[in-house]
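Undergrad: Sharing a structure with you now.
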């Protein structure tokens, strides 16, 4: 590979899978792989596929690398963003009571339910990013985005569970 890849470039390695370049030195790339952590690969190694190339800049800073890596991890759905449950719900339970009193009610820890809601939100974000980066027409992207906005709107009921307003679902206005 003659061209030097910049920090933030995404690659696919035959053994390590998906990764992002987080550092470039004289002889090697420092790559963070989703499942195998950080590895060094020689610049002359040709066994990986470049998925997204970021232009190399000799003066890239670590904070730029962090931003690039965070963006890449969000894109691939590997970002485990910490979302806090509102304090009033901590250690609480959610009860589901069937109309038929002969049936047993179901209790679920609110933290478990909350975790599932956050997972749905994160997967919607990944789907949204994949739609935006896909090769489909702009008209189709807009149509799919409208569906996603409606899904977010349907989930606004659960905003009461979130500790911080910036974590809330926001539907189309």
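Undergrad: So for 115, 13, fewest C-beta neighbours within 10 Å to most, what's the order?
TA: Values: 115 13, 13 17.
Going from least to most buried by this count: 115, 13.
Undergrad: May I pose another question? Per the Kirkwood formula on distinct C-alpha pairs, the Rh of segment 89-173 is how many angstrom?
TA: Working: mean 1/r = 0.0663 Å⁻¹.
Result for segment 89-173 stands at 15.1 Å.
Undergrad: Any chance you could check the Cα centroid distance between segment 90-154 and segment 1-58 for me, in angstrom?
TA: Segment 90-154 and segment 1-58 have Cα centres spaced 34 Å from each other.
Undergrad: May I ask you to order 128-138, 152-162 by the average number of other C-beta atoms within 10 Å around their residues, highest value first?
TA: On the way: 128-138: 11.5, 152-162: 15.0.
Result, highest mean Cβ count within 10 Å first: 152-162, 128-138.
Rule-based calculations on the coordinates, nothing more; no lab input. This is a predicted model, so every value here is computed, not measured. Quick reminder, even Gly has a Cβ in these numbers, built from the backbone with ideal geometry, and neighbours come from all protein chains shown.
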